[in-house]
Amino acid sequence: QVQLVESGGGLVQAGGSLRLSCAASRSIFSFNTINWYRQAPGQQRKLVAGITSGGSTNYADSVKGRFTISRDSAKNTVYLRINSLKPEDTAVYYCNADGILASYWGQGTQVTVSS
């Protein structure tokens, strides 16, 4: 059973930064892609960033330039750095790992940005 554990969320002021972590219970290279999604209250869950096993990254247009996805293979961890936080970034952020046969989700970490 794969486990993904997110951490790093919290309450921050607009303009601040956060680094979210997604720790996997097995090698991150065993997944095709590891993604970060977010879900704001009353809205659908949306993809914000992803990184492939080969290291290619992609971002939603709305976060390009402020969000950076990275990884540490030794720690089986994927990070999401968020700079210049805005109140509209307030959401639960979820880690998702797409394997060959299944897709896995973490429990989410809350990010709240105050204006």
Check your understanding: What is the residue count in the range 68-86 for residues that are open to solvent by 60 Å² or more (accessible area, probe 1.4 Å), farther than 20 Å from Asn32 by Cα and of a type outside the set (Lys, Arg)?
Key -> 1
Review point. How many residues does the range 79-102 hold that are closer than 13 Å to Ser30 by Cα and of a type in the set (Val, Ile, Thr)?
Key: 1
Review point. Is it the case that the range 57-75 has a residue that's at pLDDT below 95 and among the hydroxyl-bearing types (Ser, Thr, Tyr)?
Key: yes
Practice item. Sort out which residues of the range 44-53 are touching a residue at least 24 places away in the same chain (Cβ under 8 Å) and under 24 Å from Thr112 (Cβ atoms), and write them in order of number. Key: Arg45, Val48, Ala49
Check your understanding: Since Thr33 meets every condition but one in (1) without any contact (Cβ under 8 Å) to a residue 40 or more places away in the chain; (2) open to solvent by less than 50 Å² (accessible area, probe 1.4 Å), which condition does it not meet?
Key -> (1)
Revision key, fill the gap. Condition set free of Cβ contacts under 8 Å to residues at least 60 places away in the same chain and open to solvent by 60 Å² or more (accessible area, probe 1.4 Å), scope the range 87-102, selection farthest from Gly42 (Cα to Cα): answer is Leu101
Practice item. Could you tell me which of the residues Gly55, Gly65, Gly42, Gly50 is open to solvent by less than 40 Å² (accessible area, probe 1.4 Å), out of contact with any Leu (no Cβ under 8 Å at 6 or more places or on another chain) and part of a loop (DSSP other than H, G, I, E, B)? Key: Gly55
Point to revise | Filter pass, Phe31 being at pLDDT 95 or above, aromatic (Phe, Trp, Tyr) and closer than 19 Å to Gln3 by Cα | key: yes
Review point. Looking at the range 68-86, which of its residues are part of a strand (DSSP E or B) and without any contact (Cβ under 8 Å) to a residue 12 or more places away in the chain?
Key: Asp72
Practice item. Please state which one of Leu20, Leu11 is open to solvent by 80 Å² or more (accessible area, probe 1.4 Å), touching a residue at least 24 places away in the same chain (Cβ under 8 Å) and of a type in the set (A, V, I, L, M). Key: Leu11
Study note, to complete from the structure: When every residue in the range 103-115 that is within 12 Å of Ser17 (Cα to Cα) and not polar (S, T, N, Q) is compared, the one surrounded by the most Cβ atoms within 10 Å (Cβ to Cβ) is Val111
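The values are calculated or read from the model by the stated rules, or taken from the named source; none is laboratory data. Predicted model only: the values in this text are computed from it and were never measured. All Cβ positions, even for glycine, are placed from backbone atoms using ideal geometry, and neighbour counts span all protein chains on display. Remember, those area values only see protein heavy atoms, side chains included, never the ligands or the DNA or RNA. Shrake-Rupley method; radii C 1.70, N 1.55, O 1.52, S 1.80 Å.
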